[in-house]
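Visitor: Below: one structure in structure tokens.
The values are calculated or read from the model by the stated rules, or taken from the named source; none is laboratory data. These numbers were taken from a predicted model, which means no experiment stands behind them. Methodologically, a virtual Cβ is constructed for each residue, glycine included, from the backbone with ideal geometry; neighbour enumeration extends over all protein chains shown. What goes into the accessible areas is simple: the full protein's heavy atoms, side chains included, and nothing from ligands, DNA or RNA. Shrake-Rupley method; radii C 1.70, N 1.55, O 1.52, S 1.80 Å.
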Amino acid sequence: MTEATNQARGGAFGIEHPIGVAVLGMGNVGTEVVRILRDHADDLRSRVGAPVVLRGVAVRRLDVDRGIPAELLTTDAEALVARDDVDLVVEVMGGIDPARKLILAALNGGKSVVTANKALLADYTGELAAAAEGSRADLYFEAAVAGAIPVVRPLIQSMSGDRVNRVVGIVNGTTNFILSAMDETGADYADTLAEATRLGYAEADPTADVEGYDAAAKAAILASLAFHTRVTAADVYREGISKITAEDLETAAAVGCTVKLLAICERMPGGERLSLDGSAVAAPGDAGGSAAGKDRVSVRVYPALIPRRHPLSSVNGAFNAVVVEAENAGRLMFYGQGAGGAPTASAVMGDLVMAARNKFYGGRAPGESVYAELPIAPIGDIPTRYHVNLQVADRTGVLQAVSGKFAEHGVSISTVRQEGFDEGARLVVVTHHAPESALADTVTALAELESVTSVTSVLRLEGTEE
Ligand code: NAP
């Protein structure tokens with residue numbers, strides 16, 4: 001659209017009224033946002049219909065050379081947000097407070113907000129969305145999930161006429177880098193984490209990434225959007241990758257699989273887990289869902305085996321991907337750079353242009369949609385296939401004793417693989433779908449068997465047809 005067309009259409013403020021932007025934070029993402037705002041000012045003006053002007057940038061330290069005029073920098077984020085010439089606030093400082101208070105102040109003052117802050121959104125979307133609704137401002141957060149990859153807007157807008165059944169993603173680049181490298185090199189977890197830290201893929205304190213907190217926050221956001229239900233981080237079942245061993249990757253490879261940290265958001269029609277073909281998953285011993293016929297949702301993050309033919313298995317290194325399955329659209333896959341300053345800034349800028357256009361033309365972003373209010377199913381109600389790795393005595397009768405324990409607890413075995421070692425054997429058992437409680441009881445019983453030296457690992461298996 002040309003500027004002349006924009007002028008002809010006019011705008012809420014008229015073409016000469018610039019859209020004033022405050023950026024809170026100038027770290028990895030903020031630096032790139034400021035760069036794009038300054039380098040692409042002409043394009044942005046044409047796309048928005050009015051000049052987009054950087055009013056100021058809030059940081060903690062003023063004694064750092066950031067390559068922008070010193071008068072743009074401030075440590076007083078509150079005063080920057082409150083300025084009369086600020087129409088839009090981009091929050092890229094991270095953390096809960098003061099980010100939350102600053103966003104609320106902006107929204108309550110009728111200023112639209114673009115944020116990349118998944119940790120904040122995973123717990124406070126309700127409060128922030130209510131503030132946006134109250135002042136008819138916009139709250140945009142495409143960058144909060146999977147960096148540059150557009151997945152928030154597709155879920156909120158493109159798929160708003162469809163019924164999403166499942167969202168499965170690799171949404172954390174650090175853990176995907178580590179698991180891909182372990183798969184490729186055979187190295188153990190500690191060495192690979194050290195290498196990831198050295199290369200800048202893992203932070204000095206990697207807990208939020210490797211223990212799955214970051215992925216859980218993103219899963220909460222995705223599930224809320226997919227199922228029109230408010231899901232917070234506390235609703236997400238979470239396991240990290242810090243216990244994954246080189247042996248897990250090796251035994252996974254032997255059954256044609258790799259291991260990925262998956263964020264899984266599933267609709268459970270009638271309370272039951274849906275299989276890939278859309279039918280309910282049958283699991284012997286499963287009570288059939290405690291909600292007795294009511295739709296529920298399950299949101300969980302854990303490392304799982306997936307077959308090498310699954311589209312997510314080829315997502316390697318720090319890349320992210322999200323697969324969305326919907327009743328009418330079928331399966332969609334979104335793939336790309338899930339983190340990094342410039343890729344994340346790309347998503348922030350897309351939101352900024354939308355928010356600025358809304359300011360100019362008087363439109364509004366879609367508000368929060370939580371009308372469905374579906375209950376969250378506990379992890380114990382989710383039937384899953386398992387990959388159980390055992391060290392056992394290498395003698396006759398062991399296989400029978402082991403399979404007997406699975407049968408006793410109603411867990412049906414799909415395949416068993418045995419490898420002999422000097423002082424024993426390794427048994428790898430892959431099960432059909434079983435409720436977690438049945439599997440946990442089986443593992444306890446196996447550990448008590450005299451012929452079982454140890455239950456080395458229990459991992460879930462996802463993405464199979466059975
Ligand atoms: P970062 O590099 O740590 O930068 C944070 C910035 O915020 C710094 O400039 C810091 O100032 C400033 N800041 C922090 N607390 C402040 C306060 N109280 N007052 C004023 N300024 C303050 O963080 P980032 O990696 O850019 O991430 C920013 C946000 O984007 C986070 O919510 C993150 O989860 C999200 N995100 C990041 C990525 C990514 O790849 N990095 C991807 C997706 C989403 P100083 O420079 O003075 O320390």
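Visitor: Which listed residue (Gly49, Met26, Asn117) has the Cα farthest towards the positive end of the charge dipole for the chain, taking +1 on Lys and Arg C-beta and -1 on Asp and Glu C-beta about the Cα centre?
Guide: Gly49
Visitor: If you take the Cα Rg of the stretch 290-437 and divide it by 2.2 N^0.38 Å, with N the number of residues, what do you get?
Guide: Here the answer is 1.59, to two decimals.
Visitor: At 0.692 mPa s and 37 °C, plugging the Kirkwood radius over alpha-carbon pairs of the stretch 218-370 into Stokes-Einstein gives what diffusion coefficient in µm²/s?
Guide: Details: Rh = 18.3 Å.
For these conditions, the coefficient is 179 µm²/s.
Visitor: Based on the alpha-carbon gyration tensor of the stretch 344-417, what equivalent-ellipsoid semi-axes (square roots of 5 times the eigenvalues) come out, in whole Å, largest first?
Guide: Working: eigenvalues 642, 68, 10 Å².
The equivalent ellipsoid of the stretch 344-417 has semi-axes of 57, 18, 7 Å.
Visitor: Sort 307-319, 259-271 by packing, meaning the average of other beta carbons within 10 Å per residue, with the highest value first.
Guide: Numbers: 307-319: 17.0, 259-271: 23.8.
Packing order, densest peptide first, comes out as 259-271, 307-319.
Visitor: Under 5 Å between amide hydrogens, which residues at least 5 positions from Tyr140 or on another chain qualify, with H placed 1.01 Å from N in the peptide plane?
Guide: Distant-sequence amide H within range of Tyr140: Val113, Val114, Thr115.
Visitor: Taking a label point 7 Å from the Cα of Gln157 along the Cα→Cβ vector, which residues of the stretch 347-390 have an amide N closer than 19 Å to it?
Guide: 347-370, by backbone N distance to the label point.
Visitor: If you don't mind, another one. So for the stretch 29-125, what percent of the C-alpha to C-alpha distances run longer than 18 Å?
Guide: When every Cα pair of the stretch 29-125 is considered, 49 percent fall beyond 18 Å.
Visitor: Suppose all protein chains stay in the model; what accessible area per residue would a 1.4 Å probe give for the chain, in Å²?
Guide: 41
Visitor: Using only the Cα atoms of the stretch 76-177, what are the Rg and Dmax in Å?
Guide: In order Rg, Dmax, the Cα atoms of the stretch 76-177 give 14.9, 45 Å.
Visitor: Treating only the Cβ of Lys, Arg, Asp and Glu as charged (+1, +1, -1, -1), what charge dipole size does the stretch 35-177 show about its Cα centre? Round to the nearest 20 debye. Walk me through the numbers before you get to the answer.
Guide: Values: 17 positive and 19 negative charges, 73 e Å.
Its charge dipole is roughly 360 debye.
Visitor: Under the rule of -39500 (n - 2.57) per DSSP H run of 4 or more residues, summed and divided by the residues of the chain, what mean residue ellipticity at 222 nm is obtained, to the nearest 500 deg cm²/dmol?
Guide: Numbers: 14 runs with 157 residues, N = 466.
When only DSSP H runs of four or more count, the value is -10500 deg cm²/dmol.
Visitor: Continuing with the same structure: Once the other residues with Cβ under 13 Å from the Cβ of Glu408 are scored (Lys, Arg +1; Asp, Glu -1), what is the net sum?
Guide: Taking every Cβ under 13 Å from that of Glu408, the sum is -1.
Visitor: Please state the relative contact order of the chain as a whole percent: Cα pairs under 8 Å, 6+ residues apart?
Guide: About 17 percent, as a whole number.
Visitor: Below 8 Å, C-alpha to C-alpha, sequence gap of six or more: please give me the relative contact order for the stretch 329-465 in percent.
Guide: Details: 165 pairs, mean separation 38.8, N = 137.
Relative contact order for the stretch 329-465 comes out at 28 percent.
Visitor: Shifting gears a bit: By the scheme Lys and Arg +1, Asp and Glu -1, what is the net charge of all other residues having a beta-carbon under 12 Å from that of Arg395? Before the final figure, lay out the partial values.
Guide: Numbers: positive: none; negative: Asp394, Glu423, Glu450.
Every neighbour counted, the sum reads -3.
Visitor: Another one. Counting only Cα, what are the radius of gyration and maximum Cα-Cα distance Dmax of the chain, in Å?
Guide: For the chain, the Cα radius of gyration and maximum Cα-Cα distance read 24.9, 86 Å.
Visitor: As a quick test, which of the pairs Lys111/Lys218; Lys101/Lys243; Lys118/Lys260 have an alpha carbon distance above 29 angstrom in this structure?
Guide: Lys101/Lys243
Visitor: If you don't mind, there's one more thing I want to ask. In nanometres, what is the gap between the two model label sites at Ala440 and Asp43, each 7 Å from Cα along Cα-to-Cβ?
Guide: 5.2
Visitor: Additional query: Carbon and sulfur atoms: what percent of the 1.4 Å accessible area of the chain do they account for?
Guide: 49
Visitor: With Cβ to Cβ distances under 13 Å as the rule, what net charge do the other residues near Ala116 carry (K, R +1; D, E -1)?
Guide: Value of the local net charge: -3.
Visitor: Using the Karplus equation 6.51 cos²θ - 1.76 cosθ + 1.60 (θ = phi - 60°), what ³J(HN,Hα) coupling, rounded to whole Hz, does each residue of the stretch 338-354 give in order, writing x for Gly and Pro?
Guide: These are the phi-based 3J(HN,Hα) values: x, 7, x, x, 5, x, 5, 5, 4, 5, 4, 5, x, 5, 4, 5, 4 Hz.
Visitor: Spin-label point model (7 Å from Cα, Cβ direction): what's the Glu195 to Arg136 distance in nm?
Guide: 5.7
Visitor: For a bin width of 10 Å, list the pair-distance distribution of the stretch 232-271 built from all Cα-Cα distances, rounded to whole %.
Guide: 22, 38, 28, 13
Visitor: Can I ask one more? What is the diffusion coefficient of the stretch 118-265 in µm²/s, taking the Kirkwood radius over Cα pairs and the Stokes-Einstein relation at 10 °C with a viscosity of 1.306 mPa s?
Guide: After rounding, the answer is 96 µm²/s.
Visitor: How big is the charge dipole of the chain about its Cα centre, in debye rounded to the nearest 20, if each Lys and Arg gets +1 on its Cβ and each Asp and Glu gets -1 on its Cβ?
Guide: Charge dipole of the chain: 1280 debye, to the nearest 20.
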